[in-house]
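J.: Here you go, one structure.
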Amino acid sequence: MTLVLKDYIGNTPIIKLKKTSNSLYADIYVKLEFLNPWGSIKDRAAKSMVEAGIASGKITNNTVLVEATTGNTGISLAGLCASMELGLIIVMPEYVSEERKKLLTILGATVILTPKEHNYAGAVRKANELSKQPNHYLVDQGNNPANPLAHQQTGREIINFFDGTPDFFIAGIGTGGHCNGIGNILKQHNKHVKVVAIEPVQAAILSGKTPMNKINSDHGILGIGPGIIASTVDQSVIDDVFVIDEHMAKQATREIIKNEGLLLGFSSGASIACAIQYAQRPENEGKKILTIAASQSERYLSTDL
């Protein structure tokens with residue numbers, strides 16, 4: 001059987017952060033999702049959503065896909081569309097990092113930028129508008145059930161690694177795809193697993209800590225805190241919400257890169273910062289905490305990494 005690039009999505013390794021865990025009560029583990037072919041956890045959702053669109057007949061050889069994103073979903077879709085000879089329009093807020101724009105362009109996607117003051121919601125509105133053209137299809141990751149469904153497999157990989165489940169699963173909230181998809185599978189296996197969602201203080205909607213008229217998705221932690229609650233976010237799966245500020249997330253990212261040699265982006269650093277907070281609690285002694293390294297540092301080199 002001849003395999004193509006998308007067939008290598010998934011089955012990413014899990015490692016223990018040994019240096020970091022040494023001074024903590026609990027052990028922290030990280031699933032290295034940046035080792036997927038197009039460099040992030042979003043490869044899984046992109047594959048799932050495109051395959052679902054093809055199976056439904058909504059995506060054909062002549063279809064142009066349209067999606068709003070802050071980067072990783074767009075890059076995954078661009079790689080997939082390039083390999084499948086499908087057209088793609090990506091709509092992004094102008095505040096995204098330069099690396100994201102360049103990667104999308106070299107992968108052949110058409111990139112449209114929306115004003116940063118319109119937040120991520122402005123990109124969503126523009127994508128909806130563009131998708132109304134003939135032979136255009138809105139991928140719609142925030143409302144597409146194939147997004148969280150992609151992570152049933154991710155959850156099974158985690159269960160196989162631990163021969164069970166971790167005690168805590170910590171995930172940043174964007175569309176909620178991997179938080180809910182993985183969280184559901186883990187809870188089906190072990191109802192005592194605690195799922196913790198992370199959101200930035202500038203867009204703390206789930207926790208209710210940011211008033212709706214103060215929401216700002218241009219907060220520096222790309223990939224989480226889009227300033228909207230997508231329909232793919234199932235709050236019944238979430239046991240706790242951890243609100244993080246940009247400084248804490250970025251400082252944790254830099255420390256993990258330096259101390260563990262793990263090249264991370266800011267959303268991954270935010271997840272590990274949260275994991276450390278839980279691992280510092282005496283009541284969690286001996287427990288296992290899992291989080292996700294969603295993407296790597298090369299997408300942040302033009303920022304203040």
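J.: Can you spot a residue in segment 10-22 that is under 27 Å from residue 227 (Cα atoms) and either crowded, with 18+ Cβ neighbours inside 10 Å or in contact with a strand residue (DSSP E or B) (Cβ under 7 Å, 6 or more places away or on another chain) (or both)?
T.: For segment 10-22, residues under 27 Å from residue 227 (Cα atoms) and either crowded, with 18+ Cβ neighbours inside 10 Å or in contact with a strand residue (DSSP E or B) (Cβ under 7 Å, 6 or more places away or on another chain) (or both): absent.
J.: Please state which one of 165, 154 is crowded, with 21+ Cβ neighbours inside 10 Å, of a type in the set (Val, Ile, Thr) and over 23 Å from residue 295 (Cβ atoms).
T.: None of the others qualify; the one that does is 165.
J.: OK, next. Which fully enclosed strands (runs of 3 or more DSSP E) of segment 37-143 have 2 or more residues being under 19 Å from residue 232 (Cα atoms)?
T.: Here the list reads 64-68, 136-138.
J.: Looking at residue 3 and the list (1) at pLDDT 95 or above; (2) out of contact with any His (no Cβ under 9 Å at 6 or more places or on another chain), which single condition is not satisfied?
T.: (1)
J.: Of everything in segment 171-202, what is under 15 Å from residue 232 (Cβ atoms) and assigned to a loop (DSSP other than H, G, I, E, B)? Give them in sequence order.
T.: Within segment 171-202, 173, 174, 175, 176 qualify.
J.: Tally the residues that are touching a Pro at 6+ places or on another chain (Cβ under 9 Å) and surrounded by fewer than 23 Cβ atoms within 10 Å (Cβ to Cβ), restricting the search to segment 249-298.
T.: Of the residues in that region, 2 qualify.
J.: Okay, next question. Hey, can you tell me all the residues within segment 84-143 that are in contact (Cβ under 8 Å) with a residue 60 or more places away in the chain, more than 11 Å from residue 67 (Cβ to Cβ), in contact with an Asp or Glu (Cβ under 6 Å, 6 or more places away or on another chain) and not hydroxyl-bearing (Ser, Thr, Tyr)?
T.: 116
J.: Here is a follow-up. Any residue in segment 210-220 that is at positive phi and in contact with a helix residue (DSSP H, G or I) (Cβ under 7 Å, 6 or more places away or on another chain)?
T.: For segment 210-220, residues at positive phi and in contact with a helix residue (DSSP H, G or I) (Cβ under 7 Å, 6 or more places away or on another chain): present.
J.: Continuing with the same structure: Limited to segment 129-151, what total is found for residues that are within 17 Å of the chain's Cα centre (by Cα) and exposed (fewer than 15 other Cβ atoms within 10 Å of the Cβ)?
T.: 2
J.: Within segment 255-262, is there a residue that is within 13 Å of residue 170 (Cβ to Cβ), touching a helix residue (DSSP H, G or I) at 6+ places or on another chain (Cβ under 7 Å) and not charged (D, E, K, R)?
T.: No; the residues of segment 255-262 include none that is within 13 Å of residue 170 (Cβ to Cβ), touching a helix residue (DSSP H, G or I) at 6+ places or on another chain (Cβ under 7 Å) and not charged (D, E, K, R).
J.: From (1) more than 30 Å from residue 185 (Cα to Cα); (2) surrounded by 23 or more Cβ atoms within 10 Å (Cβ to Cβ), pick out the condition that doesn't hold for residue 220.
T.: Residue 220 satisfies all of (1) more than 30 Å from residue 185 (Cα to Cα); (2) surrounded by 23 or more Cβ atoms within 10 Å (Cβ to Cβ) except (2).
J.: Pull up segment 187-211, narrow it to residues that are among the β-branched types (Val, Ile, Thr) and over 19 Å from residue 168 (Cα atoms), then point me to the one that is modelled with the lowest pLDDT.
T.: 210
The values are calculated or read from the model by the stated rules, or taken from the named source; none is laboratory data. These numbers were taken from a predicted model, which means no experiment stands behind them. Using ideal geometry, Cβ is built from the backbone for each residue, glycine included, and neighbour counts are taken over all protein chains shown.
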